Structures are given as structure tokens and as C-alpha cells.
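The values are calculated or read from the model by the stated rules, or taken from the named source; none is laboratory data. In this text the structure is predicted, and so the values were computed from the model without any measurement. Please note: Cβ atoms are built from the backbone with ideal geometry, for glycine as well, and neighbour counts cover all protein chains shown. Surface areas here come from the heavy atoms of the whole protein model, side chains and all, with no ligands, DNA or RNA. Shrake-Rupley method; radii C 1.70, N 1.55, O 1.52, S 1.80 Å.
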Amino acid sequence: MCEGRRLGDAARPAWAVAAELRRREAAADARLAAARARLAEALADLERARARAAELQRRLEETYGKRRRLKRVAAAARDRIHETRARLQEREQDQLPAESDPTS
């Protein structure tokens with residue numbers, strides 16, 4: 001008996017065995033093609049997800065960049081407000097003694 005052949009195959013004609021092998025090979029090729037198609041779709045999904053992640057990262061960096069700039073502007077504005085308030089208080093302090101001085 002030949003290796004790799006079933007007992008029932010010995011009684012089958014060679015053309016029937018060859019046809020069965022071609023059928024199995026065609027089925028295997030179809031499964032392989034379907035697997036390749038699924039892989040291609042998965043890779044396309046992965047690429048779309050990567051592009052989406054890159055866009056979200058860009059937006060996040062843009063948002064936080066704006067936030068950092070706004071924080072710097074707000075800090076500078078607070079500093080100017082404190083400086084202006086300090087100058088006004090100094091002027092008021094300078095004017096109070098002059099107004100209450102009886103020699104003027």
C-alpha cells in the first residue's frame with residue numbers, strides 16, 4: 001500500500017483521486033484568498049486607526065499649545081495688573097501726606 005493514501009483510495013481510479021486533490025487544492029486556495037482579503041481589510045482598518053490617532057494627537061497638541069499660550073498671556077496680564085495696582089497704591093500714598101500737610 002502507498003503511503004499517504006487511504007485504503008479506500010486504492011480502489012478509486014487515479015483520475016478520481018486527482019480530481020479530489022484538485023478540489024481540495026481549490027478549496028485551500030479559496031480559504032487562503034479569503035484569509036488574505038481579511039488581512040488586507042485588517043491592515044486597512046489599522047491604517048485608518050493610525051491616521052485617526054495621528055489627527056487626534058495633532059488636535060491635542062494644538063489645543064494644549066493654545067492653552068499654554070493663553071496661560072502665558074493670562075500670567076502676563078496678572079503681572080501687569082499687580083504692577084498697575086502697586087503704582088496706584090504708591091501714588092495714593094504719595095498724595096495722602098501731601099494733602100494732609102498743613103504747610104501746603
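Results, tabulated for the structure shown:
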item	result
For region 30-102, size of Cβ-based charge dipole, Lys and Arg +1, Asp and Glu -1, in debye	1000
Where region 59-99 is the region considered: accessible area per residue in Å², 1.4 Å probe	97
